[in-house]
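Data first, discussion second: the structure below is written as structure tokens.
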Amino acid sequence: MLTQEQKDRAVQLMQEYLAAKNPDGKKCWEENITFDAERREVIKSKLMPLLAGFLAGETPLGEFKSGVDSINKSHNCWGFRGFNGQMFFNMLFNWTREPNYGISVEEFVPPLQRAIAAPQDEAAAKAQLSEFADFVRRQNERIVELGNPKSRCVNPGSVPFFLSYFWQVQAPDVWPVYYKSSVTILGDANLWSPGEDLAENYLAFKHLHEELVQLFTTTGKQPFGLYEVEHVFWLKHGLAAKSEAPAPVEPAKAPKGQEPAKALQVESAKTTTPQPAPERLPDSYVPPIVAILPRMAVNDPALATAAKNTGTSLERAFEKHVHAAFTILGYDTLLLGQGQGRVPDGRALDEDNSYAVIWDAKVRTDGYSMGTDDRTIREYIATQSRELKRRRSLRNIYYVLVSSTFKDDYEEAIRAIKMETHVNEVCLIQVDALVAMVEAKLRDPRQVDLGSSGLQRLFCLSGILTGDMVREALA
């Protein structure tokens, strides 16, 4: 039960949601009516027939997994494509395809069917969630015992989101989806924080949502259901994500005939007018050298001029700032690139967990296309990865591209890199994802390590990595 003070804070979140408008001036909650109608139609026409076929044993596991992936790519209504959803499902499925992982499709399907079927009541929900989490933990232990690296294990903490997604598909008005973003907002607002037991956490989360449905319906003067409560948290999480990185300070302009460095000294020596106190104290952990990365990545004209004034290019400055981000994360880093021939821009090494990240940084206003120079990339990655394998006996090598965004033409290039080099995965990191990694690492350094339970798992699947995916995975 919420206290009155907690109810007041929850109502404030609801009021922010009801007042929020999209850029076109339309209320967010009004547009979400259409969004939720799409969700229900997708459930009725696509997800439920697919799910019913799998639960009845008529649809094979591979077809079911691919079908869920395809539907969520076409209808991004649940955020299932992230680490705790489809990527988690992909890793579970990959267990059955590797002979040295110790589990067959026939052994995996029954526990999965039992877990994702809508529970009859809360007692059944608790049992299903606990049993599947235990199943995942046992299989993780089995994988390691058979000599496989820990990076092939999955995070049991993904189980509540994964199962509750399927439960809500079957009973949208009964089971809330256990979004990590919602858990984060509830904690930030001092409404609720999870404990150690995954099943108990989910039931407490469910009870809180049921209480908020009643509270918001009464105080908001309009009907609220589980979908509407989700939207309140989605909006707040989106606003929080946008405010995580502090706005970088514009560099001082050098007066005519004066060196930029001298101009900065003069500027800092001036007596300045005290700034008014902010309404809220800043809570971002992102240092300025990393916070400025998103502006650099899109080739911000002001920053391009500032780079030129300091005797470098924005492209080289971007490489140095990305290098700084990997250094802050705790890697043994080496900046390569300029003046060293056909080599990647940098390398980040974690010898304790036996892996390396070979990375390139690309400044692009409208997104990077891998097809532009993928042959050159393959050549120097082949050389670098071969050397790393030979000299350091690393288990895993990941190739990372950092840019503003990526154009949807990367799958063939990724496939070629993985076939022709020693690289295990190719990760396309949108620059806001790198900022989110630094934020998470500095905010909770003991929780976010470099190993398979922390940052390494972000590199273990090829494709695009966004800021939201990082925040969800490391929440």
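Residues that are over 20 Å from Asp350 (Cβ atoms) and surrounded by 17 or more Cβ atoms within 10 Å (Cβ to Cβ) were ranked within the range 321-340; the one that is modelled with the lowest pLDDT is Gly337. I'd like to verify a number: residues in the range 137-173 that are under 27 Å from Pro49 (Cβ atoms) and assigned to a helix (DSSP H, G or I), how many? Number of matching residues: 13. Considering Gln456, Gln384, the condition of being within 17 Å of the chain's Cα centre (by Cα), part of a helix (DSSP H, G or I) and buried (at least 16 other Cβ atoms within 10 Å of the Cβ) is satisfied by Gln456 alone.
With the condition kept exactly as written, say whether any residue in the range 252-259 is over 23 Å from the mean Cα position of the chain (by Cα), in a helix (DSSP H, G or I) and modelled with pLDDT under 90. Checked the range 252-259: no residue is over 23 Å from the mean Cα position of the chain (by Cα), in a helix (DSSP H, G or I) and modelled with pLDDT under 90. Flag not set for Ser393, criterion: polar (S, T, N, Q), surrounded by 14 or more Cβ atoms within 10 Å (Cβ to Cβ) and more than 21 Å from the chain's Cα centre (by Cα). Looking only at the range 95-111, decide whether some residue is touching a residue at least 60 places away in the same chain (Cβ under 8 Å), of a type in the set (A, V, I, L, M, F, W, C) and assigned by TED's automatic domain parsing to the domain that holds Leu146. Checked the range 95-111: no residue is touching a residue at least 60 places away in the same chain (Cβ under 8 Å), of a type in the set (A, V, I, L, M, F, W, C) and assigned by TED's automatic domain parsing to the domain that holds Leu146. All of (1) at pLDDT below 95; (2) farther than 28 Å from Glu41 by Cβ; (3) touching a helix residue (DSSP H, G or I) at 6+ places or on another chain (Cβ under 9 Å); (4) of a type outside the set (Asp, Glu) hold for Arg138 with one exception: (3).
Can you name every residue in the range 127-163 that is among the aromatic types (Phe, Trp, Tyr) and crowded, with 21+ Cβ neighbours inside 10 Å?
Across the range 127-163, the qualifying residues are Phe132, Phe161, Phe162.
I'd like to check something: does the range 27-44 contain any residue that is touching a Leu at 6+ places or on another chain (Cβ under 6 Å) and outside any helix (DSSP H, G or I)? No - not one qualifying residue is present in the range 27-44. Does Arg9 fit the bill of being surrounded by 13 or more Cβ atoms within 10 Å (Cβ to Cβ) and either of a type in the set (Phe, Trp, Tyr) or modelled with pLDDT of 95 or more (or both)? So Arg9 fails the test. Those residues that are touching a residue at least 24 places away in the same chain (Cβ under 8 Å) and of a type in the set (D, E, K, R), I need them from the range 315-365; list them, please. Answer for the range 315-365, where residues must be touching a residue at least 24 places away in the same chain (Cβ under 8 Å) and of a type in the set (D, E, K, R): Glu315, Glu319, Arg342, Asp345, Arg347, Asp350, Glu351, Asp352, Asp360, Lys362, Arg364.
When residues in the range 217-237 are screened for being charged (D, E, K, R) and touching a Leu at 6+ places or on another chain (Cβ under 8 Å), 1 of them pass.
The values are calculated or read from the model by the stated rules, or taken from the named source; none is laboratory data. Treat the numbers as computed from the prediction; the structure is a model and nothing was measured. We place every Cβ from the backbone using ideal geometry, glycine too, and count neighbours over all the protein chains shown.
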